[in-house]
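Take a look at the structure set out below.
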Amino acid sequence: MARNIQLLVIDPQNDFCDLPAAWQPTNPLTGARTAPSLPVAGAHADMQRVAAFIRHHAASIDHITVTLDSHQRIDIAHPGFWQQADGGTVAPFTSITAEQVRTGAFAPRHPAHLPRTLAYLDALEARGRYTLMVWPVHCEIGSWGHGIHAEVLAACGDWQLQRQRAVHNVFKGTNPWTEHYSAIEAEVVEAGDPDTALNTRLLAALDTADLLLIAGEASSHCVRATTEHILQHLPRLKAGARPEHIVLLTDCMSPVGGFEAQHQAFLDSMRAQGVRLEKSNQMSL
């Protein structure tokens, strides 16, 4: 019986890739190069290996799912949402807690947003996974940075023509009131917005895989959060199965700078739970 082999590529987007200057387009409004806004060191090479993997194993890969971080300019995790006590701007990579908001160190720029902001921060911190991080504006919907790395896009396109089936795209992060690292579920589910709730359709599709290969960016955040949620919610694993059929392609992912410890803790935890860790050029399908 043929195996169902699936590849899950998490957020292989331009804004996360440390692309060489020659890969950066010219902004027609300013004449300047459009640089990635949140580049992960090593991600360009990671994505080239993803593309090579797809091309080499195209005949064996039955399904490809690509997730896309997808944000508005105004977002609770973007600088434009926030101000300091003196009205000054909040720099990217600033961590903000509910207590800091209550004491006035930081505040949403729109005063009417304060109650909802505090409710979100309280709920986020109660889950114990993350503290809110203000990131540079990234993966803005419709922007070049939101787009897929060129080599991955081309490889996926050729795979579609060869296999006569579409890539499944999963958009996450469109709700500006919650962080959405994981493709499975937002960090805090927004009442009335099913796009932030548990993605049961995606889980059901992934659950059919006899071999589930995972790659993408960044290993310290979105890859980690998505994989952790897969292990938590995948139906067959909830029924007691072990995740030996899940493989992390470790040379096809890298951490955000400064979060190397989280990257290593993630890999160690996955290995301990039974997930396989492999290099893409050593996988035999």
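The values are calculated or read from the model by the stated rules, or taken from the named source; none is laboratory data. All values reported here derive from a predicted model rather than from experimental measurement. Every residue, glycine among them, receives a Cβ derived from its backbone with ideal geometry; neighbour counts consider all protein chains shown. SASA here: full protein model, heavy atoms, side chains in, ligands and nucleic acids out. Shrake-Rupley method; radii C 1.70, N 1.55, O 1.52, S 1.80 Å.
Measure off, as a whole percent, the carbon and sulfur share of the 1.4 Å-probe accessible area of the chain, all protein chains present. Carbon with sulfur: 54 percent of the solvent-accessible area.
Take the Cβ-Cβ distance between residue 105 and residue 3 as r, set R0 to 41 Å, and report the resulting FRET efficiency rounded to the nearest 0.05. Mind showing how you got there, number by number?
Working: r = 54 Å, r/R0 = 1.31.
Efficiency at R0 = 41 Å is approximately 0.15.
Quick one: length gained pulling residue 232 to residue 210 fully straight, 0.36 nm per residue minus the C-alpha distance? Before the final figure, lay out each step's value.
On the way: separation 22, 0.36 × 22 = 7.92 nm, distance 1.77 nm.
Fully extending the segment from residue 232 to residue 210 adds 6.1 nm.
For the pair residue 201 and residue 41, label points projected 7 Å from Cα toward Cβ lie 3.9 nm apart.
A crude spin-label estimate for the pair residue 150 and residue 171, with each label 7 Å from Cα along the Cβ direction, gives 2.5 nm.
Between residue 282 and residue 22, take the C-beta separation as r, use R0 = 25 Å, and let me know the FRET efficiency to the nearest 0.05.
Values: r = 30 Å, r/R0 = 1.20.
For R0 = 25 Å, the calculated efficiency reads 0.25.
Fully extending the segment from residue 59 to residue 95, taken as 0.36 nm per residue of separation minus the present Cα-Cα distance, adds 8.5 nm. Farthest toward the positive end of the dipole of segment 181-285, out of 248, 220, 192, is the Cα of 248, where the dipole comes from beta carbon charges about the Cα centre. The C-alpha atoms of the chain define a longest principal axis, and helix 222-233 lies at about 70 degrees to it. Simple point charges give the picture: +1 on the Cβ of Lys and Arg, -1 on the Cβ of Asp and Glu, and for the chain a dipole about the Cα centre of about 460 debye.
If you roll a 1.4 Å probe over the heavy atoms of the protein chains, what accessible area per residue do you get for the chain, in Å²? Spell out each step's value before the answer.
On the way: 12370 Å² over 285 residues.
That works out to 43 Å² per residue.
Computed about its Cα centre, the charge dipole of segment 167-285 is approximately 380 debye, with only Lys, Arg, Asp and Glu carrying charge at their Cβ. Computed from the Cβ-Cβ distance with R0 of 22 Å, the FRET efficiency linking residue 113 to residue 191 stands at 0.85.
Each semi-axis of the equivalent ellipsoid for segment 165-285 is √(5λ) with λ an eigenvalue of the Cα gyration tensor; in descending order they amount to 23, 18, 14 Å. Among the trypsin sites (Lys or Arg not before Pro) in segment 153-198, those located in a DSSP loop and surrounded by at most 15 other Cβ atoms within 10 Å of their own Cβ are 165. Taking GluC sites (Glu not before Pro) across segment 160-220, none is in a DSSP loop with at most 12 further Cβ atoms lying within 10 angstrom of its Cβ. Apply the a/c threshold of 1.5 to the C-alpha gyration tensor of segment 27-86 and tell me whether it is rounded, prolate or oblate. Here segment 27-86 falls in the prolate category. Taking the Cα centre of segment 33-97 as origin and assigning +1 to Lys and Arg Cβ atoms and -1 to Asp and Glu Cβ atoms, the resulting dipole is close to 260 debye. Which option, (i) 22.9, 76; (ii) 23.2, 72; (iii) 19.2, 66, is the value of Rg and Dmax of the Cα atoms in Å that was calculated from these coordinates? Derived directly from the coordinates: (iii).
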